[in-house]
1. Ignoring everything except DSSP H segments at least 4 long, calculate the 222 nm mean residue ellipticity for the chain; use -39,500 (n - 2.57) per segment, divide by total residues, nearest 500.
2. So, by mean Cβ neighbours within 10 angstrom, what's the order for 261-271, 121-131 with the highest one leading?
3. Kindly give Rg over Rh for the chain, based on alpha-carbon atoms, with the Kirkwood expression for the hydrodynamic radius.
4. Go ahead and set up a Gaussian network model of the chain, Cα springs under 10 Å, then flag whichever of Tyr293, Tyr249, Tyr98 fluctuates most.
5. Checking the cross-link filter: which aspartates and glutamates have an alpha carbon closer than 19 Å to that of Lys264, excluding same-chain neighbours under 8 positions apart?
6. Give, rounded to the nearest 20 debye, the magnitude of the charge dipole that the stretch 42-156 has about its Cα centre when Lys and Arg contribute +1 at Cβ and Asp and Glu contribute -1 at Cβ.
7. Relative to the first principal axis of the alpha-carbon coordinates of the chain, what is the inclination of helix 147-163, with its axis defined by its Cα atoms, in degrees from 0 to 90 and to the nearest 10?
8. Once the other residues with Cβ under 9 Å from the Cβ of Pro262 are scored (Lys, Arg +1; Asp, Glu -1), what is the net sum?
Amino acid sequence: MNRSRSPYLSTRIAFSLLALTFLFPAANPASAASWNVHAQPARLVNGGPLLFQVKPPQRLESLSGSWIGHQLSFRFDAKSKTWFALGGVSLETAPGSYALELTGETVAGKAPSQKVSFSRKFAVTRGDYPRIEVKLSVESKFTEPSPEQQRQIQEGQEVKKDYLSRVTPEREWSGKFAEPAQAAISDVFGSQRIFNGKTSSPHLGLDFRVPSGTPVEAMNDGTVLLARPLYFEGNFVVLDHGQGLLTLYLHLSEFKVKEGDPVKRGQVLGLSGGTGRATGPHLHVAVRWQGTYLDPAALMRLSLP
Ligand SMILES: [Zn+2]
């Protein structure tokens with residue numbers, strides 16, 4: 001009995017599906033469906049770096065994006081046929097839903113090139129950053145600087161203002177970001193220290209517990225943007241990895257590179273120390289992207305093209 005009914009039923013179902021497709025053609029527009037936009041990591045947090053990967057519906061000549069007030073220039077990875085851009089979410093960004101606005105230009109062929117655009121929203125949640133009670137105090141020259149020290153502080157601020165917001169469009173980094181030293185972590189990014197009951201500004205880097213004289217290695221390929229002593233940072237090396245991404249290495253006892261040098265991931269930049277504002281020898285590394293600090297540990301966890 002079932003055998004005689006089933007062909008009729010399946011025909012009914014097929015007709016119903018066909019009717020639905022005609023009734024709701026806009027429910028799944030082909031153009032939007034074929035943009036594939038993906039972010040890494042799966043959970044985006046304030047202070048976190050991220051990688052956007054985009055597969056557009058047609059071949060593109062160029063692709064750029066706008067993301068929470070930042071401009072992203074995408075690069076094409078021929079192997080995976082995806083466009084990618086490294087970026088981040090500033091620590092000050094409030095949790096919420098933010099749009100990645102994409103604008104591309106199609107490859108000119110029989111038809112002239114045309115502008116295409118697409119937008120996708122991503123949720124940003126609050127990162128879990130610790131609050132730590134700190135008993136240590138720093139020398140008074142850092143809390144009550146003399147006029148000469150104030151001049152040095154001012155000079156350091158001007159150098160940082162001039163160099164640390166630079167954006168070199170070309171990408172120099174390639175593949176994963178590596179640890180600058182093989183050592184235990186003594187303080188994480190985003191932690192807030194409480195000195196004598198007062199909450200200080202958040203820790204904007206990652207601290208490695210290393211004795212003085214430990215080799216400090218480049219986290220990725222790049223160019224030495226700064227290699228000079230500054231008041232708070234001590235002997236300070238900054239690498240420019242391109243696309244607005246910089247890595248910073250503080251409190252070194254010795255430089256092994258000079259400004260303008262090209263470097264490879266793993267190359268020794270200097271030796272660790274306790275110069276500048278440091279409570280003892282350690283390595284403080286920071287990641288800066290288009291003028292905002294990002295979590296170095298989270299950057300090292302991204303798997304990058
Ligand atoms: Zn630190």
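Just so you know, all these numbers are worked out from the coordinates, no wet-lab data involved. What you are looking at is a predicted structure, and each value in this text was computed from that prediction instead of being measured. Please note: Cβ atoms are built from the backbone with ideal geometry, for glycine as well, and neighbour counts cover all protein chains shown.
1. -5000 deg cm²/dmol
2. Details: 261-271: 16.9, 121-131: 13.2.
Highest mean packing first, the order is 261-271, 121-131.
3. 1.14
4. Highest fluctuation among the options: Tyr98.
5. Hits, sequence-local ones excluded: Glu170, Glu172, Glu179, Glu217, Asp221, Asp240, Glu254.
6. On the way: 15 positive and 11 negative charges, 166 e Å.
Roughly 800 debye, rounded to the nearest 20.
7. 30 degrees
8. -2
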